Amino acid sequence: MSKKLIFIFSALIFQFMFVAMTISEEIKTTFNLEEPHARTIESGFPYDEAGISAYINIGSITGNEMNTALSVFSSMIESNSEYTLGLVSNIHTYIGFSGWIIAYLPKDKPVSTIIHPNKQAGGVSKFNTPISRICSAINKNFDQDTIKYYHFKYPEANEMIFIFERLSSKGTDSFYVELPSEFIFYEASYAIYQDSSTSIGTLLVDDIELAKLVSKGQLVTGYYDLENILKPDIAHKISITNADSYGCVDAETVIVYKK
């Protein structure tokens, strides 16, 4: 990335938190965080346990449709006359007779855990799979764009952004993040993945190593330290390295905040 692009990237981050950014190689996707309307979800939803969540409402479903949906669950946590809670594609998933389908991570998991590794698209989410599988099983059509997001651990957060970086050759690539102190930041997390057994990929912040990959297909997720590393009003350099001339190293940064 040229010095000119780095300068533009840093300046626009400060003003707009990546909105309308068009820089090559980094793919940025922003999502609004919206609480499900009036909390009309059945009383059994585990509000106190859920973290980042994706949801839709497909309208009320019948008993036969619920029975069909159960076939998609690999394991059950609870099932009764109002809702079913269990695992679909290893994701905690809830479906209620009122039509709510909610896929969520436990609140102690970083948001970056929802990333599908090795997919060159910012914000590609593991949440899409359980929602689409249930809708397909009960013949309910839905538009992927109608999926909404909410973080039950951070109810005041109103936006999150995914920043995707891929390095498909040997070397280092970087971008800059500057968090304005006018915003409230609740979480910044990362996911880093590699597809080559010969590659050694690393994630660095301001040239300090944060995560290292040493085996094929390895995926590492974790948190950035918002107090001691990603301090506000400072342009921080986030870099990935790739020691392999052929394999890819992917990294995704996710920031949850209130603006």
#### Entry: Residue list for the range 156-185, restricted to those being within 17 Å of Cys248 (Cβ to Cβ) and of a type in the set (A, V, I, L, M)
Ile163, Leu167
## Note on the structure
Exactly one of Glu178, Glu156 is in contact with a helix residue (DSSP H, G or I) (Cβ under 8 Å, 6 or more places away or on another chain), charged (D, E, K, R) and touching a residue at least 40 places away in the same chain (Cβ under 8 Å), and that residue is Glu178
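Identify all residues within the range 135-153 that are of a type outside the set (S, T, N, Q) and either without any contact (Cβ under 8 Å) to a residue 12 or more places away in the chain or on the phi > 0 side of the Ramachandran plot (or both); write none if there are none. So that I can check it myself, show each step before the final result.
The initial filter retains those residues of the range 135-153 that are of a type outside the set (S, T, N, Q), namely 135, 137-138, 140, 142-143, 145, 147-153.
Result: Asp143, Asp145.
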#### Entry: Residue under evaluation Tyr193, criteria (1) in a strand (DSSP E or B); (2) not assigned by TED's automatic domain parsing to the domain that holds Val254, criterion not met
(2)
### Message
If I filter the range 70-85 for residues that are within 18 Å of the chain's Cα centre (by Cα) and either part of a strand (DSSP E or B) or small (Gly, Ala, Ser) (or both), do I get at least one hit?
### Response
no
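Quick check: is even one residue across the range 191-199 touching a Cys at 6+ places or on another chain (Cβ under 9 Å), surrounded by 16 or more Cβ atoms within 10 Å (Cβ to Cβ) and among the small types (Gly, Ala, Ser)?
We begin by selecting, within the range 191-199, every residue touching a Cys at 6+ places or on another chain (Cβ under 9 Å); these are 193-196, 199.
Filter once more, keeping what is surrounded by 16 or more Cβ atoms within 10 Å (Cβ to Cβ): 193-196, 199.
From the residues that got through so far, the ones that are among the small types (Gly, Ala, Ser) too are 196, 199.
Scanning the range 191-199, I find at least one residue that is touching a Cys at 6+ places or on another chain (Cβ under 9 Å), surrounded by 16 or more Cβ atoms within 10 Å (Cβ to Cβ) and among the small types (Gly, Ala, Ser), so the answer is yes.
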### Summary
The condition from (1) under 14 Å from Glu178 (Cα atoms); (2) touching a residue at least 24 places away in the same chain (Cβ under 8 Å) that Glu227 misses is numbered (2)
#### Entry: Number of positions in the range 26-69 that are surrounded by fewer than 18 Cβ atoms within 10 Å (Cβ to Cβ), among the small types (Gly, Ala, Ser) and either in a loop (DSSP other than H, G, I, E, B) or modelled with pLDDT of 90 or more (or both)
5
### Summary
Residue count, the range 207-259, condition assigned to a loop (DSSP other than H, G, I, E, B) and closer than 27 Å to Glu159 by Cα, comes to 13
### Query
Does Phe183 meet the test of being touching a residue at least 12 places away in the same chain (Cβ under 8 Å) and surrounded by 18 or more Cβ atoms within 10 Å (Cβ to Cβ)?
no
### Query
Out of (1) touching a His at 6+ places or on another chain (Cβ under 8 Å); (2) modelled with pLDDT under 90; (3) closer than 18 Å to Val249 by Cβ, the odd one out for Val205 is which?
(2)
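The values are calculated or read from the model by the stated rules, or taken from the named source; none is laboratory data. Source: prediction; values computed, not measured. When we count neighbours, we look across all protein chains shown, and the Cβ atoms used for this are built from the backbone with ideal geometry, even at glycine.
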